[in-house]
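Below: the structure, in structure tokens.
Every read-out reported here was derived from the displayed coordinates using simple, explicitly stated rules and does not represent laboratory data. Note that the structure is predicted; figures quoted are calculated from it, not measured. Every residue, glycine as well, gets a Cβ built from its backbone with ideal geometry; the counts of neighbours run over all protein chains shown.
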Amino acid sequence: MTNLLIKLFIKDYKNIKDENVRKKYGELGSFVGIFSNVFLFIIKFLVGVFINSVAIMADSFNNLSDSLSSIITLIGFKLGAKPADEEHPFGHGRMEYISGLIVSFIIMLIGFEFLRTSFFKVISPEDISFSYSTIFILLITIIIKLWQSFFNKKLGILINSHSLIATATDSRNDVIVTSVTILSLIIFKLFSLNLDGYFGIFVALFLMYSGFNLAKETLSPLLGEAIDNELAEKIKAIALSYEEVIGVHDILVHNYGPNKSIASLHVEVPNNIDIVQCHDVVDFIEKRIQDELNIFLTIHIDPVNINDERIQTILNAIRDVFKNYDEDLDTHDHRLVEGENRINFIFDLVIPYNFSKEKEKSLICDIKENVKALDNKYRCIINIEKSFINK
């Protein structure tokens, strides 16, 4: 069914890197969500009114909010697909995240409203009706929601869309909510125990929780996330595939929407390499990463003296210190600057975010002592950095 819809409504559906094709995927997911969720809302609302169940009515409005979510997602895709202009040279891709944030607030608002309604149902419970036809209808809605979840997840993975994947998760959550609603009806039938208001509270709290999680997921890329470790390794592998490059660090990736990223990194090259040759290599790396990973990249060059054995000796002494702190500690940009009475060893030290100030001071002190023990002239000039990679 999913593949059939894709083939029917999306021309050139295999070319998912094309922005217009990607927009068509988003539009397809949104329209399917709008129509199917409106249908589910009408069915569940009528059933809820007929048997006087606030839990089912709350669930129906959850479906209505899902259709509204699909409308906002559709708008987000259309605005996000707008090309770059003078005011927004990096495009409008982040509109997808903003649309997802709006959806999350709507979900939380609906959840709060039904929390209030369900609370009064607990205080003043009303009889609900039970029928096997109601259970049958709700089971059908569960099947539709399961398909929605599968459909949106497949589309979201294909085009790397956080909003569609979030919609798929929301559909899966709806399956849980409707299942709980059916459970409340069965309990009422078997034990004459009316838990409708309590289950309504559960549904409302679940809606608010889902909305909150969705808000976190959509707000995170807007705030700026650490680069994924897998992507960082791909970038490193491409850069290090050139023999002139002996090290890579300080990888920064700025996300301007799905598949729209701008990055920078530092590459270490021998300090005796021809500058024209080095420039050509950097151009090749930037072009390859643009073509293979769809990332616009800028590279900074760090010349490194690979013939000075003293540097490796000093690094070995520093790594001995690391064993007492954290094996993930790292250094880069090493260079020796010789003076008349001292030799400065200048480098960047990358420490974890969870290092306390006291631990950081202790580490620096131990490094300086270990290096000075090699030669009394050695002085460490350390620049502290934090990693931009999410490990």
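Applying 1/(1 + (r/R0)^6) with R0 = 25 Å to the Cβ-Cβ distance of Glu86 and Asn20, what FRET efficiency is obtained, to the nearest 0.05? With R0 = 25 Å, the Cβ-Cβ based efficiency is 0.70.
In whole percents, the pair-distance distribution calculated for region 233-303 from its alpha-carbon pairs, binned every 5 Å from zero, is 3, 17, 31, 26, 13, 6, 2, 1, 0. I need the shape label for region 309-390. Rule: rounded when a/c is under 1.5, else prolate if a/b > b/c, else oblate, with a, b, c from the alpha carbon gyration tensor. Prolate, since a/c reaches 1.5 and a/b exceeds b/c.
Rounded, prolate or oblate: which fits region 237-390 when a ≥ b ≥ c are the square roots of the eigenvalues of the alpha-carbon gyration tensor, with rounded for a/c under 1.5 and prolate only if a/b beats b/c? Cα axes put region 237-390 in the oblate bin. In this label model, Leu374 and Ile75 are separated by 6.1 nm, measuring between points 7 Å along each Cα→Cβ vector. Amide H contacts for Val248 (H built 1.01 Å from N in the peptide plane; partners 5 or more residues away or on another chain; cut-off under 5 Å): Glu268. The alpha-carbon positions of the chain define a convex hull whose volume is 188 Å³ per residue.
Residues whose amide H falls under 5 Å from that of Arg335, counting only those 5 or more places apart or on a different chain, are Ile346, with hydrogens built in the peptide plane.
Once the dipole of region 1-106 is set up with Lys and Arg at +1 and Asp and Glu at -1 on Cβ about the Cα centre, which of His92, Leu74, Phe9 lies farthest towards its positive end? Of the candidates, Phe9 comes out farthest on the positive side. Counting only alpha carbon atoms, the long axis of helix 95-123 and the longest principal axis of the chain meet at about 40°. Paramagnetic label reach from Asn344 (point 7 Å along Cα→Cβ; backbone nitrogen cut-off under 12 Å): within region 358-391, residues 379-383.
Assign unit charges at the C-beta atoms only (+1 for Lys and Arg, -1 for Asp and Glu), then state the dipole size of region 63-153 relative to its Cα centre in Debye, rounded to the nearest 20. Before the final figure, lay out the partial values.
Working: 7 positive and 8 negative charges, 45 e Å.
The calculation lands at about 220 debye.
The phi-based Karplus calculation (6.51 cos²θ - 1.76 cosθ + 1.60; θ = phi - 60°) puts the 3J(HN,Hα) values of region 243-248 at 4, 6, 8, 10, x, 9 Hz, whole numbers, x for Gly and Pro.
Distance between the 7 Å Cα→Cβ label points at Asn383 and Ser179: 5.4 nm. For region 233-303, the dipole from Cβ point charges (+1 on Lys and Arg, -1 on Asp and Glu) about the Cα centre works out to 360 debye, to the nearest 20. Quick check: the angle from helix 229-240's long axis to the longest principal axis of the chain, C-alpha only, nearest 10 degrees? Its long axis makes an angle of about 40 degrees.
Find how much the distance from Leu315 to Phe9 grows on full extension, using 0.36 nm per residue of separation minus their present alpha carbon separation; answer in nm with one decimal.
Working: separation 306, 0.36 × 306 = 110.16 nm, distance 5.94 nm.
So the extension gain works out to 104.2 nm.
Note on region 274-373: dipole from Cβ charges, positive end direction compared against Thr313, Leu349, Ile367; the farthest Cα belongs to Ile367.
Take every DSSP beta bridge with both residues inside the chain and express the antiparallel ones as a percent of the total, to the nearest 5. Can you show the working numbers first?
Details: 14 of 35 bridges.
Around 40 percent antiparallel, to the nearest 5.
Under 5 Å from the amide H of Ala263 lie the amide H atoms of His254, Phe296, Leu297, Thr298, each residue being 5 or more positions distant or on a separate chain, with H modelled from the backbone and absent for Pro and chain starts.
When the chain is treated as a Gaussian network with alpha carbon springs shorter than 10 Å, the biggest mean-square fluctuation among Asn307, Asn341, Asn37 belongs to Asn341.
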